[in-house]
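These notes concern the structure reproduced below.
The values are calculated or read from the model by the stated rules, or taken from the named source; none is laboratory data. What you see is a predicted model, and the numbers here were worked out from it, not measured in a lab. Every residue, glycine among them, receives a Cβ derived from its backbone with ideal geometry; neighbour counts consider all protein chains shown. Just the protein is used for accessible areas: all its heavy atoms, side chains included, with ligands, DNA and RNA removed. Shrake-Rupley method; radii C 1.70, N 1.55, O 1.52, S 1.80 Å.
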Amino acid sequence: MKTRAFQQVDVFTAVPYRGNPVAVVLDGSDLDDAEFQRFAQWTNLSETTFLLPPTEPGADYRIRIFTPGGEMPFAGHPTLGSCRAWLKAGGKPKSTEYIVQQCVTGLVTIRRDGARLAFAAPPLKRTAPSPTMLAKIAHALGLKSAQILAAQQLDNGSNWLGMLLDEIDSVLALTPDHRALKELGVKVGVAAIAQAPSPTQLIARSNREARAFGGSAQGTVDLEVRAFAAATGIEEDPVTGSLNAGLAQWLIADGHMPERYLVGQGQCLGRDGRLSVERDAEGRVWIGGDTVVCIEGAVTL
């Protein structure tokens, strides 16, 4: 064992402890997969990452991403959190325009917008879910078929069953059967588009946000999202970059959402995550947000 630099970064928030934390070991050299996995189980965060020298010529650094249940080929908030940790530790990108991260799925481009970071969504494969599986998932979530407006299987290196629901209150009211979702082996992301609420709904939502955050939320959102990942050892992920990348590519392409919008995620866990979504002139979808280093020190591994 040796002492290794370590950071814990809160992602998709400008306010510490309101986003999704990722544990970052800045030197994963000489560790094997079992040691990666053991430490990820110990942190008990949705993801823990290990930085390594790149093996691709165009990459600035390489990461391995682990949940308590196994390795992820790609994940969004670990991408931005690891990039922030690498930069804070003195990392120097080869390009003046972008930072390039290597992970199992390949190279991921990250751009800086002042203090904020955004990653280019990896290529998405999407298919219609089987009616049988969709019915089982709806039952596990406690949803009626009329509440589901659309659904797609989304795979960008992280595989999610995406569901567009009728209204934000349907998303926030879900109390899933996590054991059933784990047995199905499916990660599920649910979303709903913001609509103009009635005065009664405004009061109810304001009270709910005040209870969750001890004050007002970080501004109005266009899409509310929740992510259920019992299949990988996390019942509900606070704020999820990979899911939102897949949702964005699907919802923008099918005309459900505009080319720029703001996502809210984490209310039901007492968080207040914010993700910016933008499709540029070249058709690339960027998922961005603030990052805050909350813990900095060393670990013995």
Task: Spin-label pair K88/E296, simplified geometry with 7 Å Cα→Cβ offset, distance in nm - done: 0.6 nm
TODO: Whenever you get a sec, line up H139, H256, H178, H77 from highest to lowest accessible area (probe 1.4 Å, protein heavy atoms).
DONE: H139, H256, H178, H77
- [ ] Find which of L161, G142, L117 sits farthest along the positive direction of the dipole of the chain, computed with +1 on the beta-carbon of Lys and Arg, -1 on that of Asp and Glu, about the Cα centre.
- [x] L117
- [ ] Set Lys and Arg Cβ to +1 and Asp and Glu Cβ to -1, take the dipole of the chain about its Cα centre, and tell me which of M257, F50, A230 lies farthest positive.
- [x] F50
Open item on the list: Rounded to the nearest 20 debye, what is the charge dipole size of the stretch 1-133 about its Cα centre when +1 sits on each Lys and Arg Cβ and -1 on each Asp and Glu Cβ?
Closed with: 400 debye
Open item on the list: Restricting to DSSP H runs of at least four residues, report the calculated mean residue ellipticity at 222 nm for the chain, -39500 (n - 2.57) per run over all residues, nearest 500 deg cm²/dmol.
Closed with: -7500 deg cm²/dmol
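So, with a 1.4 angstrom probe, what is the percent of accessible area on the stretch 88-140 that is carbon and sulfur?
Carbon plus sulfur share of accessible area: 55 percent.
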Task: Heavy-atom surface of the stretch 59-165, accessible at 1.4 Å and reported per residue (Å²) - done: 43 Å²
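Work out, step by step, the length gained on full extension between L107 and D166: first 0.36 nm times the residue separation, then minus their alpha carbon distance; give nm to one decimal.
Here the answer is 17.7 nm.
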Task: Label-point gap, in nm, between W42 and Q195 - each point 7 angstrom along Cα→Cβ - done: 5.0 nm
Open item on the list: Please compute the modelled spin-label separation between S95 and R116, points set 7 Å along Cα→Cβ, answer in nm with one decimal.
Closed with: 2.0 nm
Task: Net charge of neighbours whose Cβ lies under 11 Å from the Cβ of H178, counting Lys and Arg as +1 and Asp and Glu as -1 - done: -2
Task: Exposure of L251 as accessible area (Å², to 10), given a probe of 1.4 Å and all protein chains - done: 0 Å²
Task: DSSP-assigned coil residues among GluC sites (Glu not before Pro) in the stretch 211-300, each with at most 11 further Cβ atoms within 10 Å - done: E282
- [ ] Quote the charge dipole size of the stretch 9-71 about the Cα centre in Debye, to the nearest 20; the model charges only the Cβ of Lys and Arg (+1) and of Asp and Glu (-1).
- [x] 280 debye
Open item on the list: Can you give me the long-range amide H partners of C294? Hydrogens built in the peptide plane at 1.01 Å from N, cutoff under 5 Å, separation of 5 or more residues or another chain.
Closed with: Q8, V9, D10
TODO: State to the nearest 20 debye the size of the charge dipole of the chain about its Cα centre, where the only charges are +1 on K and R beta carbons and -1 on D and E beta carbons.
DONE: 200 debye
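Counting only protein heavy atoms, what percent of the accessible surface of the stretch 240-301 is carbon or sulfur at a 1.4 Å probe?
Carbon and sulfur together cover 45 percent of it.
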Task: Cut-off under 5 Å, modelled amide H: who pairs with A194 long-range - done: L223, E224
Task: Length-normalised contact order for the chain - Cα pairs under 8 Å, 6+ apart - percent - done: 24 percent
Task: Whichever lysines have a C-alpha closer than 24 Å to that of K125, once near sequence neighbours (fewer than 8 apart) are set aside - done: K136, K182, K187
